[in-house]
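Asker: Structure below; questions to follow.
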Amino acid sequence: MKLEGYQTLHCNAGWRNFSFLKLVAENGVVGISEYNESYGSRGLTSVIDGLMEWVIGKNPLAHEKLMAELYARTRSVHGGIAQQALAAIENALVDLKARTLDVPVYELLGGVLRNRLRLYWSHCGSFRMPRTAAMMGISPIKNLEDLVSLGQEVKARGFSALKTNILLFEGEPHMYQPGFARVDGWPELNPSHRIISALHEQLTAFREGVGAEIDILLDLNFNYRTEGYLAVIRALDELKLGWFEIDIYDPAALSLIRRSAKTPIASCESLFGLRGYRPFFEHQAMDVAIVDVAWNGVWQSVKIAALAESYEVNVAPHNFDGHLATLMSAHYCAAIPNFRVMEIDVDDVPWKDDLVTVPPVVRDGYLLVPDGPGWGTDLNEAAIAAHPPDNTGVKLH
C-alpha cells in the first residue's frame, strides 16, 4: 500500500481555529488527525506541507519507520512546530492503519484497559469571560457569585473535578495571562498581593459552589517565574486543591517548587518527546505528567507514558482542542496503565458537535471510549466548510 494524497482542512472555532489533516491511501482508506496552529504555532500547516513530500508514495502502515525518517530530517530543529507537524502526520497514519485493520486505535497501543475515563471540566469560567461567552452565545461570568453558580452547574452535571485559570473581575472580567504577553504583569511576571488575593477569592467561590468532594485544579500556566509560583503556592496551599498546574522549562526549578508544596504539582504539557520529558522525571519534578497527544503523536505519547511509569508517575493528557483531539486523547488514556484524569473543554462554540460524525459521549463526568475503527469518528467536511477560519488570531480577552 502507498499513500496517495493528503488534505488540510480548517474551520472557525470562535476564539481560535480548528485544523485537521486527512491522509488518503491508494486503496481509498483515509486517516485523520487534529492539530492547532492558533496558539503560538502559526505556519504549522506549511511545515506539514513541507514534510509530506517525504511521506507521499510510501507505505503508510510503516508509521514507525516514516516517523523515524521525519525525525531525522528535522533533527536540527527538534521540538516546537516541527514536532507538532510530525505529530499531526503520526496521528493520521495511526488512524489510517487502525482503519485498514478495522480496529480501534487503542488496539494498536496494546488494547483497552478501561472503557470510560474520568474527566475534569477545563477552563471552567475562563471561556465564560464576556468576549468568549459572546462567541458561544451564552451568559457571561461577571462576578464571584456567578462562579458559585458555575460550580453548582459542574456538580449537577456529574463532574468530579474542574480546572480554572486566573480570573480577574476588575474592569471587564478577563483571564490574567501575563506569561503569554497578555494584560498587565508582562514581561516581569512578578507575583502581587492583588492577584493572589483575587485567586483566593475565586477558588473560595468555586469551593462554595461545588462542595467539599469535587477536585479543584488551578492552572497557573507560564504566568510566573520560580519566585512567583512559590509565592502563590504558599498562599493557597491551605485550600487543598487537586493540583497546581505549572509551566516552566527548568526541571530543577520545578522540583524545588514541588518540594515546597503540600498540593500536588502537574506539569510538562509543553514538552516534546522522550528527550524533553526525561530530565523532569529524573528531577522528580512533578506528581502528574501532562502529555499533549496532538503535539507529540499518540505513538510517541505512549512511549512517554511508559517512561513516566518507570518513575512511578501518572499521566494526564493536555486536551484543549476540538472533538477529534478529544477522541485521540481518549484512545491514549484507554490504553496506558498510569492514567490519572482527562481534560475536556465543556464550554465551546455551538457548531463543535457538527464537525465530526460521532462526537464524544460524556455521561456523569466520564467519557465513554469509542469502539469504532480508528479514532471512532470521521470529519464532517461540509460542516467544516460552513465555518471558514478566522485568521485574526486568538481572542481570549
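Asker: Quick check on my filter: what residues within the range 218-275 are surrounded by fewer than 21 Cβ atoms within 10 Å (Cβ to Cβ), in a helix (DSSP H, G or I) and aromatic (Phe, Trp, Tyr)?
Answerer: Result: no residue meets the conditions.
Asker: Looking at 147, 199, which one is surrounded by 21 or more Cβ atoms within 10 Å (Cβ to Cβ), of a type outside the set (Val, Ile, Thr), touching a helix residue (DSSP H, G or I) at 6+ places or on another chain (Cβ under 6 Å) and assigned by TED's automatic domain parsing to the domain that holds residue 288?
Answerer: Criteria check complete, one pass: 147.
Asker: Oh, and also: So which residues in the range 51-72 are part of a helix (DSSP H, G or I) and either surrounded by 14 or more Cβ atoms within 10 Å (Cβ to Cβ) or in contact with a Phe, Trp or Tyr (Cβ under 8 Å, 6 or more places away or on another chain) (or both)?
Answerer: 51, 52, 63, 64, 66, 67, 69, 70, 71 - these are the residues of the range 51-72 that are part of a helix (DSSP H, G or I) and either surrounded by 14 or more Cβ atoms within 10 Å (Cβ to Cβ) or in contact with a Phe, Trp or Tyr (Cβ under 8 Å, 6 or more places away or on another chain) (or both).
Asker: Looking at residue 114, is it surrounded by fewer than 23 Cβ atoms within 10 Å (Cβ to Cβ), closer than 28 Å to residue 44 by Cα and not polar (S, T, N, Q)?
Answerer: No.
Asker: Search the range 351-374 for residues being of a type in the set (Asp, Glu) and farther than 20 Å from residue 108 by Cβ, and hand back the single one that is surrounded by the most Cβ atoms within 10 Å (Cβ to Cβ).
Answerer: Looking at the filtered set, the residue picked out is 354.
Asker: Would you check if residue 147 is in contact with a Phe, Trp or Tyr (Cβ under 7 Å, 6 or more places away or on another chain) and modelled with pLDDT of 95 or more?
Answerer: yes
Asker: Continuing with the same structure: Evaluate the following for residue 295: is it under 26 Å from residue 97 (Cα atoms), of a type in the set (Phe, Trp, Tyr) and touching a Phe, Trp or Tyr at 6+ places or on another chain (Cβ under 7 Å)?
Answerer: Here the answer is yes, as residue 295 does meet what is asked.
Asker: A further question on this structure: Consider residue 185 against the criteria (1) in a loop (DSSP other than H, G, I, E, B); (2) small (Gly, Ala, Ser); (3) at pLDDT 95 or above: it satisfies all of them except one. Which criterion is unmet?
Answerer: (3)
The values are calculated or read from the model by the stated rules, or taken from the named source; none is laboratory data. Quantities reported herein were computed from a predicted structural model and do not represent experimental measurements. Don't worry about glycine lacking a Cβ; one is built from the backbone with ideal geometry, like all the others, and counts go over all protein chains shown.
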